[in-house]
1. Residue farthest toward the positive end of the dipole of chain B, with Cβ of Lys/Arg at +1 and Asp/Glu at -1: which of B:HIS212, B:LEU225, B:LEU145?
2. Which of A:GLY193, A:GLY98, A:GLY63 moves the most in a Gaussian network model of chain A with Cα springs under 10 Å?
3. Each residue of the range A:43-60 in turn: what ³J(HN,Hα) in whole Hz from Karplus with 6.51, -1.76, 1.60 and θ = phi - 60°, glycine and Pro shown as x?
4. Once neighbouring chains are kept in place and the probe is 1.4 Å, which whole percent of the accessible area of the range B:128-242 is contributed by carbon and sulfur?
5. So which of A:LYS259/B:LYS156; A:LYS97/A:LYS156; A:LYS239/B:LYS52; A:LYS59/B:LYS119; B:LYS20/B:LYS205; A:LYS239/B:LYS98 end up more than 26 Å apart by C-alpha?
6. Show me the helices of chain B, taken as full DSSP H stretches, that run 27 Å or more along their long axis by Cα and average 0.5 or above in Kyte-Doolittle hydropathy.
7. Going by the alpha-carbon gyration tensor, a ≥ b ≥ c the square roots of its eigenvalues, is chain A rounded (a/c under 1.5) or, if a/c is not under 1.5, prolate (a/b greater than b/c) versus oblate?
8. How large is ³J(HN,Hα), in whole Hz, for each residue of the range A:25-33 in order, when computed from phi with the Karplus curve 6.51 cos²θ - 1.76 cosθ + 1.60 and θ = phi - 60°, using x for Gly and Pro?
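The values are calculated or read from the model by the stated rules, or taken from the named source; none is laboratory data. Remember, predicted model here, so these are calculated numbers, not experimental data. Reconstructed Cβ throughout: ideal geometry from the backbone, glycine too, with neighbour counts over all protein chains shown. Quick note on the areas: whole protein, heavy atoms, side chains included, nothing else; ligands and nucleic acids left out. Shrake-Rupley method; radii C 1.70, N 1.55, O 1.52, S 1.80 Å.
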Amino acid sequence: MKKLKSILFYPALTISALIFVYPFIWMLVASIAPENEIGNLTLVPSALTLSSYSQMLDKIPIGGAFVNSIIVASSITIGVLIFGSMIGYALSKLEFKGRDLIFYVIIFTMTLPFQITLIPQYIIMVKFGWIDTYWALIVPYLINALSIIMFRQYFKSIPDSLIDAARLDGCNELQIIFRILWPNSMPAIITIGIITFMASWNEVLWPLIVIRDESLMTMPQLVTLFAVGGRAESQLGVKLASAVMLALPIVLAYLFFQKYFIQSMASTGIKE
Amino acid sequence: MEYTGLNNYVRLFNDITFFKSIGNTLIFLVIHIPLQIIVALFLAEILNQKIKLMGAFRGAFFLPVIVSGVVVTILWQQLYGYDTGLLNRLLTGIGLGKIGWLTDPNIAMTSIAVMATWKNVGLYIVLFLVGLQTVPVQYYEAADLEGANHWQKFFKITLPMINPTIFMVVILSTIGGFSLFIEPYIMTGGGPLNSTVSAVLYIYKQGFFYYHMGYAATLGLFFALIILAVVVIQKKFIEKDN
């Protein structure tokens with residue numbers, strides 16, 4: 001029975017795994033194959049060429065979009081870590097009037113579907129004059145309820161005696177957060193950092209709404225408009241090359257930190 | 001500011017396309033959620049058998065989860081292509097006819113739901129793996145003594161024990177499914193015959209194609225109420241069941 005199991009399981013698993021990985025490999029190969037061979041199922045093109053990539057570089061400012069995405073996703077991640085830990089600290093370790101009320105209000109904002117706030121948030125951006133600026137891409141995401149809740153939860157497990165000792169040594173509140181709590185909260189920081197960076201790297205609806213200037217577009221937005229607009233001129237290779245560029249940074253990070261990615265996302269149950 | 005009274009709501013209740021877009025979103029959910037649970041549970045069950053290379057397999061299933069929906073959609077648009085798509089080439093290769101994966105109004109939304117399942121299932125496999133590991137081994141040992149077969153063990157022990165995980169998956173994929181946007185936006189633009197216009201895509205079009213900002217905000221509010229209602233009903237079922 002045991003043998004039968006392994007005879008059945010491994011082929012079934014390998015086929016299933018291929019279903020999930022093969023399309024990505026095909027995409028990568030197709031992006032470096034000659035245009036007339038892309039429709040083939042085969043993974044071995046007769047020649048390798050970077051012409052799809054050089055044509056794409058001529059058509060869209062993908063390099064600039066890459067820089068924009070890095071700036072936006074990094075700023076958001078840093079902001080979420082700083083503000084999330086500050087608010088999480090106040091809500092878990094400081095005593096003040098209305099603390100629980102504030103916490104419940106923060107939880108309430110999480111239960112509101114984004115479909116409700118999308119248009120009002122856009123109108124605020126218009127009133128601020130932030131359309132077509134980095135501000136519109138970054139500022140609305142700087143404070144995030146999930147990160148506050150996770151930091152609060154994690155800080156609760158850190159003993160008060162550590163904080164009292166730091167206070168006696170003359171640390172102020174900010175020093176307590178960043179010098180004492182941060183080094184002791186690496187699992188929380190890694191988890192929140194990964195899910196925040198990934199979510200902002202892949203975000204596409206909001207950039208589509210607030211950015212129209214091509215030089216300010218993030219990668220997912222630029223690749224989306226390239227794919228639906230006419231500019232790819234039904235050249236499959238060029239389209240796929242732009243998709244590869246968009247996927248590559250996250251896939252590379254995933255290959256190195258696979259365990260952290262899976263743990264982080266499973267612990268929050270979040271997806272893009 | 002100018003108040004328009006209830007004009008936007010009157011318009012909403014006469015807007016056939018909006019209700020169609022909500023119906024489309026519900027169709028998406030009805031196909032996507034059961035499919036996702038069955039596939040995720042099946043693969044998690046296999047991965048839970050203490051097999052070798054478990055990490056590598058899990059890593060493979062998880063790959064689409066981390067990749068942008070834009071990439072996945074562009075990729076599947078090629079797989080689903082009518083004349084040159086890989087799926088139709090496979091079908092004609094084994095002597096079957098072509099299928100209009102994205103061009104047949106009766107099939108297009110199902111195609112999108114299958115793609116979304118492929119993209120997200122890795123996350124739910126991991127959640128189910130966590131759930132499966134909470135089932136005490138003694139239960140299975142006792143069942144073995146009674147001579148229960150694999151299916152009996154699955155339906156009598158595993159399923160009831162991982163009920164909480166199943167409900168979590170239902171709620172998470174419901175909320176995720178209601179935000180369906182980029183897949184139809186890139187793949188079909190909502191067509192054919194509006195069969196893949198999701199509610200968010202319709203709100204987006206009203207707001208940013210036609211610049212009916214106030215009307216789009218009304219639609220957003222109304223749609224959010226529907227989401228809340230569906231989630232509350234699901235939670236009621238969960239509480240009743242436990």
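1. Among B:HIS212, B:LEU225, B:LEU145, the one farthest towards the positive end of the dipole of chain B is B:LEU145.
2. The residue that fluctuates most here is A:GLY98.
3. 9, 10, x, 6, 8, 10, 8, 9, 5, 4, 5, 5, 5, 5, 4, 5, 8, 10
4. 65 percent
5. Check vs 26 Å cut-off fails for A:LYS259/B:LYS156; A:LYS239/B:LYS52; A:LYS59/B:LYS119.
6. Helix filter hits for chain B: B:16-47, B:108-132, B:213-241.
7. Oblate, because a/c is 1.5 or more while a/b does not exceed b/c.
8. Once θ is set to phi - 60°, the couplings for the range A:25-33 become 5, 4, 4, 4, 5, 4, 6, 10, 8 Hz.
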